[in-house]
Amino acid sequence: MVNNRHEDRIDSYFLELWKQNSRNITDSTAAMEEDGDESPTELNTINTYGGFLNVFPDKLSVQYTSVNLHGHDVGVVQGNRPAPAKRLVYYFEIYVKNAGAKGQIAIGFTSEGFKMRRQPGWEANSCGYHGDDGFLYRGHGKGDSFGPTYTAGDTVGGGINYASQEFFFTKNGTVVGTMYKDLKGPLFPTIAVHSQNEEVRVNFGKEPFVFDLKVFEAQERAKQQMMIEKMSLPQNVSHGIVRSYLLHYGYEDTLKLFDMAGKSSLPPISLPKENGFDEQDNMYALNRRKTLRQLIRSGEIDEAIGKLGDWYPQIIQRDTSATCFLLHCQKFIELIRAGKLEEAVAYGRIEFEKVSGVEEFRQVIEDCAALLAYEQPQQSSVGYLLSESQREIVADTVNAMILSTNPNVEDSQGCLHSYLEKLLRQLTACYLERRSLNGDQGEAFQLRRVLNCGKKD
């Protein structure tokens with residue numbers, strides 16, 4: 001018989017997977033993360049040094065209003081928020097409307113406690129690209145040769161490339177140079193003016209940038225992809241990993257074609273035993289697992305339950321198990337799909353009543369029942385229940401439960417994932433660890449985007 005403790009662990013995993021699907025956890029994860037990491041939208045008119053600049057009512061335009069008598073008579077202003085760090089790149093631009101008497105305009109990044117009477121780059125925890133000499137200043141009064149000067153009519157941009165941990169600056173849509181980002185903590189986009197009548201306007205992204213940021217981001221991702229592609233993997237190893245995936249999920253027919261295609265050119269390979277689960281164990285009940293997956297994927301839930309009862313009665317003997325529950329949920333959904341609403345109501349009353357006291361099932365039951373409220377349930381907030389991915393979750397649950405009946409299995413965790421998925425989970429962990437070492441800077445990890453970035457249009 002299936003060990004109940006193992007069964008519950010598998011059940012709980014796939015029940016949670018179903019719930020995650022209901023929350024529409026997709027590539028929008030990163031977008032939600034960026035929503036909580038807001039970008040600057042205007043200039044900070046509170047934290048500035050008065051007397052040397054005037055911030056216009058739009059809080060995006062600045063003019064130097066005095067006569068420059070001293071080196072510290074600088075008009076400096078930061079953005080109202082620090083540059084967001086949870087993305088691939090942050091970028092902003094300034095348009096030089098008037099270069100004034102000396103063109104001593106600067107663009108850069110500064111820390112929160114920066115002295116607001118100094119040009120960005122003249123003090124520690126700051127860097128700045130200056131228009132009068134084209135120098136880059138990075139924490140002290142002496143600048144380094146960096147790029148061209150800029151003046152009235154020019155558009156200059158400053159950005160942070162979190163992937164390469166670099167600052168970069170642009171002039172009129174072209175990158176003029178980069179520098180290593182050795183500054184830590186929150187950094188504010190900053191501009192400075194330093195001679196009479198200098199006037200600039202800031203663009204934090206409300207208007208289109210002169211610099212093509214999307215192309216730049218695509219190029220950065222392409223660089224990462226090239227690094228990945230340089231890492232060679234023996235062909236027979238990749239063949240073995242794919243083969244183990246097909247075995248694990250019971251794709252018997254595809255497996256046969258795959259083996260035929262690789263038989264003449266690849267030597268056999270066996271993956272090591274792990275957690276008491278050997279690759280050979282994936283052969284266990286292969287034909288039955290294939291049959292049950294096909295039935296569930298085609299919506300024939302009654303027949304799938306019948307065959308489970310004949311072949312593995314121990315899996316569905318508990319009416320309150322998550323496996324039984326998910327099968328009954330899928331049956332209810334299939335009745336809705338077929339437009340058999342009265343039959344669905346009757347079925348739901350019987351099967352859902354059996355588990356009405358199980359708190360972890362409550363939300364799933366409510367979502368399933370909500371399908372009845374819509375004339376076009378596919379387009380509703382619970383329309384995800386009619387997707388193919390929901391059938392796959394149920395099929396994967398049954399597949400894992402059957403694998404767990406193998407007497408050679410020592411740890412049911414090995415039934416949950418194929419070797420390919422374990423590699424992808426390790427990839428995710430490594431990416432997140434790398435991001436953590438960079439102070440949680442850089443865009444959120446999206447496995448689907450990583451896998452798709454190598455596809456050709």
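Can you pull out every residue in segment 123-133 that is out of contact with any strand residue (DSSP E or B) (no Cβ under 6 Å at 6 or more places or on another chain) and without any contact (Cβ under 8 Å) to a residue 40 or more places away in the chain? Give the derivation first.
Narrowing segment 123-133 to residues out of contact with any strand residue (DSSP E or B) (no Cβ under 6 Å at 6 or more places or on another chain): 123-125, 131-133.
Scanning segment 123-133 gives E123, A124, G131, D132, D133.
Consider S195 carefully, then state whether it is open to solvent by less than 10 Å² (accessible area, probe 1.4 Å) and at pLDDT below 90. Give the steps one after another, and end with the answer.
Details: open to solvent by less than 10 Å² (accessible area, probe 1.4 Å): yes; at pLDDT below 90: yes.
It is true that S195 is open to solvent by less than 10 Å² (accessible area, probe 1.4 Å) and at pLDDT below 90.
Restricting segment 190-221 to residues that are part of a helix (DSSP H, G or I) and in contact (Cβ under 8 Å) with a residue 40 or more places away in the chain, which is farthest from E93 (Cα to Cα)? Taking the candidates together, the pick is R221. Go through the residues of segment 85-92 one by one and say whether even a single one is open to solvent by less than 10 Å² (accessible area, probe 1.4 Å), touching a Pro at 6+ places or on another chain (Cβ under 8 Å), in a strand (DSSP E or B) and not β-branched (V, I, T). The answer is yes; a qualifying residue exists.
Given the residues K230, K206, K214, which is the only one that is modelled with pLDDT under 85, under 26 Å from E443 (Cα atoms) and open to solvent by 60 Å² or more (accessible area, probe 1.4 Å)? Among K230, K206, K214, only K230 is modelled with pLDDT under 85, under 26 Å from E443 (Cα atoms) and open to solvent by 60 Å² or more (accessible area, probe 1.4 Å). In the condition set (1) open to solvent by 50 Å² or more (accessible area, probe 1.4 Å); (2) under 24 Å from E38 (Cβ atoms), F258 is compliant with all but (2).
With respect to being out of contact with any helix residue (DSSP H, G or I) (no Cβ under 6 Å at 6 or more places or on another chain), open to solvent by 30 Å² or more (accessible area, probe 1.4 Å) and among the basic types (K, R), K223 fits the description.
Just to confirm my filter: which helices (runs of 4 or more DSSP H) fall fully inside segment 338-451 and include at least 1 residues that are over 23 Å from M283 (Cα atoms), of a type outside the set (A, V, I, L, M, F, W, C) and open to solvent by less than 20 Å² (accessible area, probe 1.4 Å)? Don't jump to the end; show me each part of the working.
Details: elements: 341-354, 362-370, 388-403, 419-437.
So the answer is 341-354, 388-403.
The values are calculated or read from the model by the stated rules, or taken from the named source; none is laboratory data. Keep in mind it's a predicted model, so treat the numbers as computed, not measured. No Cβ is skipped: glycine too gets one built from the backbone with ideal geometry, and neighbour counts run over all protein chains shown. Side chains included, ligands, DNA and RNA excluded: accessible areas come from the protein's heavy atoms. Shrake-Rupley method; radii C 1.70, N 1.55, O 1.52, S 1.80 Å.
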